[in-house]
1. Please determine whether any residue of the stretch 32-51 is outside any loop (DSSP other than H, G, I, E, B), in contact with an Asp or Glu (Cβ under 7 Å, 6 or more places away or on another chain), within 15 Å of the ligand (Cβ to nearest atom) and among the charged types (D, E, K, R).
2. Of everything in the stretch 81-97 that's buried (at least 17 other Cβ atoms within 10 Å of the Cβ) and part of a helix (DSSP H, G or I), which residue is nearest to the ligand (Cβ to nearest atom)?
3. Specify the residue that is surrounded by the most Cβ atoms within 10 Å (Cβ to Cβ); the eligible residues are those in the stretch 204-219 that are within 23 Å of the chain's Cα centre (by Cα) and free of Cβ contacts under 8 Å to residues at least 60 places away in the same chain.
4. Residue under question is residue 173, and the condition is that it be part of a strand (DSSP E or B), more than 15 Å from the ligand (Cβ to nearest atom) and among the small types (Gly, Ala, Ser); does it hold?
5. Do any strands (runs of 3 or more DSSP E) lying entirely in the stretch 98-169 carry at least 1 residues that are crowded, with 22+ Cβ neighbours inside 10 Å, basic (Lys, Arg) and touching a residue at least 60 places away in the same chain (Cβ under 8 Å), and which ones are they?
6. So, in the stretch 118-148, how many residues would count as being within 13 Å of the ligand (Cβ to nearest atom) and of a type outside the set (Val, Ile, Thr)?
7. For the structure I just gave you, tell me whether residue 138 is of a type in the set (Gly, Ala, Ser) and touching a Phe, Trp or Tyr at 6+ places or on another chain (Cβ under 9 Å).
8. Would you mention how many residues in the stretch 222-272 are of a type in the set (A, V, I, L, M) and outside any loop (DSSP other than H, G, I, E, B)?
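Quick note: the coordinates plus some simple rules give every number you see, no bench work behind them. The structure presented is a predicted model; accordingly, all values stated were derived computationally and were not measured. Counting neighbours? That spans all protein chains shown, and the Cβs are built from the backbone with ideal geometry, glycine included.
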Amino acid sequence: MAAPDEPRTRRGPGDAPARSRPVGEVTRGTTGHNRLRRSDRWTAAVYGPLLVSADRPLVVDLGYGASHVTTSELFVRLRRVRPDVEVVGIEIDPVRVAAARPYERPGLSFARGGFELPVSRRPTLVRAFNVLRQYGEAQAWAAWDLLRSRLAPEGVIVEGTCSEIGHRAAWVALDARGPRTLTLSTRLAGFERPSDLAERLPKALIHRNVPGEAVHGFLRDFDHAWALSAPYGAYGVRPRWMAAVERLAGTWPVATAPPLGGRRRWRLGELTIPWSALAPDERPRP
Ligand SMILES: C[S@@+](CC[C@H](N)C(=O)[O-])C[C@H]1O[C@@H](n2cnc3c(N)ncnc32)[C@H](O)[C@@H]1O
């Protein structure tokens with residue numbers, strides 16, 4: 001396997017990507033229409049101003065899978081925010097690149113590559129969904145490092161995981177300094193308890209959901225806030241979610257003001273919290 005922490009060609013962070021084998025490995029290509037709608041909506045709301053202010057913003061959708069569809073949807077959604085944004089879907093499997101190429105149009109293209117991001121200029125935004133979950137925990141951290149080194153100066157990465165049809169998701173936003181936030185997002189119909197979202201945690205956190213780690217304490221307290229908010233359930237799941245998040249914000253640094261927090265975001269079944277509140281005790285060794 002092409003270990004993400006050992007790029008085949010050693011380069012400085014500012015160097016142009018060399019034409020060597022892509023960094024990473026081909027994994028399952030599962031994807032689907034609207035699977036990433038929740039994170040697209042959040043990205044447009046939270047990082048829309050970044051795209052608007054950027055000079056010639058480039059967005060990379062890394063590991064788009066067996067179909068062009070989530071990249072095409074991201075393109076349409078981000079063009080509403082920044083009409084000249086360019087989006088490149090990058091996929092390590094050449095067969096999947098060939099299958100996506102017929103869907104290219106001005107501003108939207110597809111190319112073969114890996115974590116080294118073989119694009120012509122530094123991206124303002126990199127989205128990678130359901131990609132790192134198929135790697136080891138240390139490899140996921142190394143991939144974060146490599147991706148961060150490729151960003152434009154103000155650039156961000158949105159890296160996450162979701163359920164088969166996207167009703168439940170969790171994602172981390174990172175910039176050049178490291179991970180900044182974790183967002184949980186769920187369809188509220190059929191929702192039972194916050195800790196059910198644990199199975200969607202990104203790779204860097206999923207193995208840390210054990211007693212003694214911050215993310216475990218957070219989900220435990222969220223479940224408690226959810227239980228105490230049960231009376232709001234008489235009005236529906238949404239009021240109960242909002243009450244639980246507001247209660248949780250009393251003891252955890254949950255974002256309570258736009259663009260990351262507040263009732264407008266919470267009512268979508270979302271919650272964002274600084275990464276620093278949940279960071280694992282120590283980074284895994286390679
Ligand atoms: C499960 S699919 C995810 C598809 C889409 N992002 C989604 O969430 O619906 C994961 C894809 O990531 C690709 N992949 C894995 N590692 C990669 C890498 N280092 N660079 C580019 N693509 C990669 C795999 O080949 C696979 O097609």
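1. yes
2. Within the stretch 81-97, the subset buried (at least 17 other Cβ atoms within 10 Å of the Cβ) is 81-82, 85-93, 96-97.
Restricting the remaining residues to those that are part of a helix (DSSP H, G or I) gives 81, 96-97.
Details: 81: 20, 96: 6, 97: 10 Å.
Only one residue tops the list, namely 96.
3. Taking the stretch 204-219 as the starting set, the residues that turn out to be within 23 Å of the chain's Cα centre (by Cα) are 204-210, 213-219.
So of that shortlist, the ones also free of Cβ contacts under 8 Å to residues at least 60 places away in the same chain come out as 209-210, 216-217, 219.
On the way: 209: 17, 210: 8, 216: 17, 217: 16, 219: 20.
The qualifying residue surrounded by the most Cβ atoms within 10 Å (Cβ to Cβ) is 219.
4. Working: part of a strand (DSSP E or B): yes; more than 15 Å from the ligand (Cβ to nearest atom): yes; among the small types (Gly, Ala, Ser): yes.
Here the answer is yes, as residue 173 does meet what is asked.
5. Ranges flagged: 125-129.
6. So in the stretch 118-148, the residues within 13 Å of the ligand (Cβ to nearest atom) come out as 118-119, 126-136, 139-140, 142-144, 146-147.
Imposing the further condition that a residue be of a type outside the set (Val, Ile, Thr) reduces the set to 118, 127-130, 132-136, 139-140, 142-144, 146-147.
Residues that pass the stated criteria total 17.
7. Values: of a type in the set (Gly, Ala, Ser): yes; touching a Phe, Trp or Tyr at 6+ places or on another chain (Cβ under 9 Å): no.
Against the criterion (of a type in the set (Gly, Ala, Ser) and touching a Phe, Trp or Tyr at 6+ places or on another chain (Cβ under 9 Å)), residue 138 does not qualify.
8. Here is the first cut: in the stretch 222-272, the residues of a type in the set (A, V, I, L, M) are 225, 227-228, 230, 234, 237, 242-245, 248-249, 254-255, 257, 260, 268, 271.
Filter once more, so that each one left must be outside any loop (DSSP other than H, G, I, E, B): 225, 227-228, 230, 234, 237, 242-245, 248, 271.
The number of residues fulfilling the criteria is 12.
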